[in-house]
Amino acid sequence: MLRADKPVIGDLSRRSVLRAGAVVGGGLLIGINLVSRAAADAGGTSAEGPAFNAFIRISPEDRVTFVMPAVEMGQGAYTSTSMMLAEELDVDLDHVMTEHAPPDQKLYGSPALVIQATGGSTTTAAWFLPLRKAGATARAMLVQAAAAGWGVAPDTLRTQSGMVHHDASGRSISYGKLAGHAAHLAPPTDVPLKDPSRFRLLGKPARRLDSPGKVDGSAKFGIDVTMPGLRFATLAASPVFGGKLKHVDDTQAKVVPGVRQIVVLDDLVAVVADHMWAAKQGLDALKLDWDEGANAGVGQDQLWAELEKGSLGSGVVAEKVGDAAQALSTGTLYEATYELPFLAHAPMEPMNCTAHVHDGLCEVWVGTQAPGLAQGGAAKALSIAPDKVTINNHLIGGGFGRRLEVDGVVKAVRIAQQVEGPVKVVWTREEDIQQELYRPLYHDRMKARVEDGKVTAWHHRVTGPSILARWLPPAFKDGIDSDGVDGAIKQPYDFPNTLVEFVRHETQIPVAFWRGVGPNSNVFSAECFLDLIARQSSADPVAFRRAMLQKNKRALGALDLAADKAGWSTPLAASAGGRVGRGFALLASFGSFLGCVAEVVVGDDGDVRVTRVVVAADVGTVVNPDTLLAQIEGGVVFGITTILHSKVTIDKGRVQQSNFNDYRLLRIDEMPVIAAHIVPSSEPPGGIGEPGTVVVQPAIANAIFAATGTQLTRMPIDRSKLAKGAA
């Protein structure tokens, strides 16, 4: 996922400006001017600007509303960010109401990203200080208002659960009653934050704010949107990327009961009906003739071959320490290549978007990770100003990066432009998987030299497309895609000579961010290569890594705790089900450090069963331990699915997979035991939504290597190469 090209969090904490205003009816409004380089790059406002964002509203009726800068897609962001605010404001978590921030890149751009978006495991790290500062400032203003009203010194007052108390006189007053007075005060400029020893919420397990609605069904996802006069549509685009529609025979579709309209555009056709079933039947009844275009002959073998050929040339230097080229010219050279496939996101909530275009305006109802981009994409498609587009954001039933893209919003508004009244466009699972933007193919070429049991020279050449060059062109600088080399540069190990290169290699297949983003491929390759070196030099893989981590105490702590909890030094018991193996991998990305041990059983037929996964995570200061553990466990499941089952392949320009029958998810009977442990830390918070997905994949690959003596270099695993007796 995109991150700023240099850290801005510390910068933001110093330079952000808290502003206050009055709510209509007499309440208090607290906003933050994100005076950071990131916000400035996105056209951010200044402290003196006429408009400011709103993060906290306190009404005279004691309602505390938190305007969410991040979106909730199952990762617990609503709860964790509310905890940050509530901790410093001194209100109970169950008294905080949440609502989505409106689309506005200037006012709600993430401090860690350069736009208004949720992804890359950045939410907790990005908002930890700004939201605490906003909560503390609001609290200070409320105390000041109470002190003025009572004629006492502010430091004689205390706050608790949304009330200000003056113990000496026994007086108390609610925040709501003070809000109107506080709104007329100047916000203090330097409000101290709580010492962690005084935290009531942060670091304590908290029930998720979004759980009750999801349990009783009242939570509203994009797919739940309904309104009077709503039509339903489903669509088909060219099965070959870049193809166009030549001819449509809609004779049979028009007679399907409930079908109201056939919308024909140059690159897609949509059937509009009274309900989804009628739209689907109508779509199936269409006879479509496509001009498949220049990509009709593209195949997977060709894509692999071209990628490998591209990796043979030198790339743009992303990191250079010492002289790796010279150091690799002598001594024993270790070499390997690793290949990662296209991957679909396949979120459980079907892709959907409801749109109503009328009178020069457009209203959209959708669950999006990037509301500002959605607004801009819709406006551009309709050739209207962005402020003519209203985005109603909703809970997201699985994002994984798919809903950072707004191609669905664009298609929906183009269809809606042809329809009288609002229309909900729903993608079938088949259409979604075959018309995705995919995790790219990657080819990683690795070289290393080892002396005295340590890597002394390291060369990692990453070859693949640039997502940033399309998604945010200004962030693609000097030929380097910072996401493409994330996890390859800044290794946690003490390598005295390092060279990391990036070779940009575009294919005909559209690509996008995917859960785990850059580290997903780069950490996999690095950790598998280290295992290869360790085993070929008869070293214990954990001890081999440990020797190179003495300068990185956090990484070392995660390694040691994972190895200890997994019983690394104890031989793995044999299994009647096949060959057993235990593998290790380390992650140092997203501001977090994870050690992971995986255990597998490999059957005689080459089938792999993951039996146990042990993770130790140092993610810095923990906001909600329950969410942390859930994110690790969920990420691990996602990663197991990926390495055992997931790939998208291309034949004749078409995606060959279509649904969960051939793009499998991990099933409940395949679930291993997962044990997650937290390394205590007072460091700033790191990310946790993606690391589990990243680190478990090389751990499993290394476990398979330990069990079979075969290290697979192209993912997902090829069972035929693991079968007993396979060449």
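The values are calculated or read from the model by the stated rules, or taken from the named source; none is laboratory data. Note that the structure is a prediction, hence the values are computed from the model and not measured. Neighbour counts are summed over all protein chains in view; Cβ atoms, including those assigned to glycine, are modelled from backbone coordinates with ideal geometry. The accessibility values were calculated without ligands, DNA or RNA, using every heavy atom of the protein model including side chains. Shrake-Rupley method; radii C 1.70, N 1.55, O 1.52, S 1.80 Å.
Values for this structure:
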read-out	value
Taking the chain and dividing mean pair separation by its residue count, relative contact order in percent (alpha carbons under 8 Å, at least six apart)	13
The chain: antiparallel DSSP beta bridges as a percent of all, rounded to 5	75
Cβ-placed point charges (K, R +1; D, E -1), dipole of region 68-175 about Cα centre in debye, nearest 20	260
Modelled label reach - Lys553, point 7 Å along Cα→Cβ, region 486-508 residues with backbone N closer than 19 Å	492-494
Alpha-carbon centroids, region 92-148 and region 183-200: separation in whole Å	13
Sites Ile384 and Leu312 - FRET efficiency at Förster radius 56 Å, r taken between beta-carbons, to 0.05	0.70
HN-Hα J in Hz across region 69-81 - Karplus 6.51, -1.76, 1.60, θ = phi - 60°, x for Gly and Pro	x, 10, 9, 9, 10, x, 8, x, 5, 4, 6, 5, 5
Solvent-accessible area, 1.4 Å probe, carbon plus sulfur percent, for the chain	52
Residue-span extension gain [Val215 to Val24] - 0.36 nm each, minus C-alpha spacing	65.4 nm
Gained length - Ala576 relative to Thr156, 0.36 nm times residue gap less alpha-carbon distance	144.2 nm
Shape of region 128-257, Cα gyration tensor, a/c cut at 1.5	prolate
Extension gain from Leu665 to Leu361, taking 0.36 nm per residue of separation minus the Cα-Cα distance	105.4 nm
Eligible aspartates and glutamates near Lys477 by straight Cα distance, threshold 12 Å, same-chain separation 8 or greater	Asp5
Using a Förster distance of 60 Å, the FRET efficiency for Ser538-Arg200 (Cβ separation, nearest 0.05)	0.70
Rounded to the nearest 20 debye, dipole of region 580-727 from Cβ charges on Lys, Arg, Asp, Glu	520
Rg(Cα)/(2.2 N^0.38 Å) for the chain, N = residue count	1.00
Inter-label distance, nm, simple model (7 Å from Cα along the C-beta direction), Leu265/Glu683	4.6
Accessible surface, per residue, of region 298-338 when the full set of protein chains is kept, probe 1.4 Å, Å²	54
Top positive-direction residue, dipole computed over the chain with Cβ charges, set Gly242, Ile509, Leu286	Ile509
Isotropic mean projected area of the C-alpha convex hull, region 274-325 (nm²)	8.6
DSSP-defined beta bridges in region 302-418 - what % are antiparallel, rounded to 5	50
Rounded Å value of the spacing that divides the Cα centres of region 335-398 and region 497-561	33
Sequence-distant aspartates and glutamates (8 or more away, or on other chains) whose Cα lies within less than 12 Å of Lys721	Asp604, Asp605, Asp607
Cβ-placed point charges (K, R +1; D, E -1), dipole of region 353-452 about Cα centre in debye, nearest 20	140
Highest-first arrangement of 317-323, 616-622, where packing means the average Cβ count within 10 Å	616-622, 317-323
Integer Hz, Karplus 6.51/-1.76/1.60 couplings in order for region 19-27, x for Gly and Pro	10, 10, x, 9, 8, 4, x, x, x
